[in-house]
1. Shape verdict for region 176-268, please, from the Cα gyration tensor: rounded (a/c under 1.5), prolate (a/b greater than b/c) or oblate.
2. Run the numbers on region 146-213 and let me know its relative contact order in percent, using alpha-carbon pairs under 8 Å that are six or more apart.
3. Could you calculate the FRET efficiency of Ala215 with Phe175 from 1/(1 + (r/R0)^6), where r is the beta carbon distance between them and R0 is 35 Å, rounded to 0.05?
4. Are there DSSP H segments in the chain that both extend 30 Å or more along their axis (alpha-carbon positions) and score a mean Kyte-Doolittle hydropathy of at least 0.0? List them, or say none.
5. By count of other Cβ within 10 Å, fewest leading, how are Ser15, Ser40, Ser313 ordered?
6. When the helix-only estimate is applied to the chain (DSSP H runs of n ≥ 4, each -39,500 (n - 2.57), divided by the residue count), what is the mean residue ellipticity at 222 nm, nearest 500 deg cm²/dmol?
7. Round to the nearest 0.05 the FRET efficiency obtained for Asp286 and Phe134 when R0 = 56 Å and r is the Cβ-Cβ distance.
8. Would you please name the trypsin sites (Lys or Arg not before Pro) within region 222-282 that are DSSP coil residues with at most 15 other C-beta atoms within 10 Å of their C-beta?
Amino acid sequence: MPLALLIGGLSAGISLALLDMIGFFTNVFYYHRLSVQLMSPALNTLGAVAIVIPVVGGLIVGIMARFGSEQIRGHGIPEAMGRILVNGSKVPPRLAILKPISSAISIGAGGPFGAEGPIILTGGAVGSIVGQLFHLTAAQRRSLLVAGAAVGMSAVFGTPVAATLFGVELLAFEFKPRSMVLIGLASATADGIRMAMASAGLVTAQPIFPVPAHAPLGGVALLGAAAVGVATGLAAWVLTQAVYGAEDIFNRLCGRLHWMWWPVIGGAIIGLGGLIDPRALGVGYDTIHAELLGQLGITALITLFAVKLVIWSSGLGSGTSGGILAPVLMMTLRRPSRRRRIGVARGQADGAVGFPPCRR
C-alpha cells in the first residue's frame with residue numbers, strides 16, 4: 001500500500017507533464033513559440049506547409065523506435081496487456097522515458113491520437129519499475145503496474161472510480177482485493193494531487209468536457225440512446241477493421257522498406273487529411289467539446305468522421321506512438337478484441353508488442 005501511494009504520486013506527475021509536453025510540441029511545430037498551453041493544430045495559419053509537420057514528427061518517432069526502443073510503437077493499452085500476460089509485468093525503465101516523449105512529439109506534430117494510451121503505458125511502466133526495485137512477485141508487480149496505469153486516467157480526467165474499474169476490467173485480469181485495493185488507492189492519490197494542483201492554480205479545476213445542466217432523460221430520449229448503441233456498435237466494427245486493414249497494408253512493406261520509415265508515410269497521410277479538415281488533427285479535446293455542445297452540423301460531423309477514420313487508422317497502422325481513447329470519444333471504438341489480444345501475445349513473444357516483427 002505505501003508503494004501504491006508512491007506510484008500514485010509519481011505517475012500523476014508524469015501524466016500531467018505529458019499533457020504539457022504535447023502542448024509544448026504543438027506550439028513549437030505549428031505556432032513557432034515556447035508554451036505548454038494545450039492548443040489545437042486546427043488554428044494554425046501555415047496552409048499547405050502544414051503537411052510537412054506530421055511527416056517530420058513521424059520521422060522522429062521512427063528514429064526513436066529504431067535506435068531507442070521498438071516498444072514505443074503502438075497506442076499503449078495492448079502493450080501494457082502484453083507486459084502483463086507474457087513478460088511477468090516487467091517493463092524496461094527506458095520505456096518510461098521514451099514512450100511519453102515519442103507520443104508528445106507524434107501528437108504535437110498533428111497526430112490524430114489521444115494522450116491517454118501513452119499515459120496508461122507510462123504509468124504502468126512506473127509501477128512495474130517500482131515493483132522490480134523491491135523484488136516483488138509477479139502478481140504484486142502486476143497490481144502495481146495496473147495501479148500506475150489507472151493513475152494516468154485519474155490524473156488527467158479526475159475520475160478515480162472509473163480509472164479503478166478500467167484497470168480491473170482490462171488489465172488486472174482478476175477481481176480480487178490484492179489488486180483492486182492497490183489500484184483504487186493509487187487512483188485516489190492521483191486525484192487528490194490533481195485537486196491540490198487545481199487549488200494552487202497549476203491545472204484547471206473544470207472538467208475536460210464541461211456540459212451545461214439539462215433535464216433528466218426519459219421516454220423518447222432513452223429509445224434514442226438504444227439506437228445510438230446499435231449505431232456505435234456498427235461503427236466500432238468499421239473502425240476496428242480499418243485499423244487492422246492499415247496494419248496489414250504496412251506489414252506488406254516488410255522486406256521492401258524498414259518499419260522505421262512507416263510513420264513517415266503515415267505522417268504524409270495525416271498531413272493531407274489535415275488540409276481537408278484541420279479539426280481531425282491532434283488530441284481533439286476542443287472538437288469533442290464542440291460535439292457535446294451541438295456546435296457542429298451534420299455535414300461537418302460526417303466530414304470529421306471520414307477524415308479522422310482515414311488518418312487515425314493510417315497513423316496507428318504505421319506504428320507511430322499515440323493513444324486511441326480521445327479519438328474513440330470522437331468516433332466510437334470498442335475495446336481491444338480477442339484477435340488483438342492474441343496478436344499482442346504473439347508479437348511480444350517475437351520481441352515486439354502489437355506489431356509483427358519486420359527486421360530486414
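A short reminder: the numbers here are calculations on the coordinates, not readings from a lab. For clarity, every value in this text was computed on a predicted model and none was experimentally measured. Quick reminder, even Gly has a Cβ in these numbers, built from the backbone with ideal geometry, and neighbours come from all protein chains shown.
1. Working: a/c = 2.11, a/b = 1.34, b/c = 1.57.
It is oblate, given that a/c is not under 1.5 and a/b is not larger than b/c.
2. Answer for region 146-213 is 36 percent.
3. Values: r = 36 Å, r/R0 = 1.03.
About 0.45, to the nearest 0.05.
4. Passing helices, by number: 2-26, 177-199, 220-251.
5. Exposure proxy ranking, most exposed first: Ser40, Ser313, Ser15.
6. Working: 14 runs with 229 residues, N = 360.
After summing the helix terms and dividing by the residues of the chain, the value is -21000 deg cm²/dmol.
7. Once rounded, the FRET efficiency stands at 0.85.
8. Working: sites: Arg252, Arg256, Arg279; in loops: Arg252, Arg256.
Qualifying residues, ordered by number: Arg252, Arg256.
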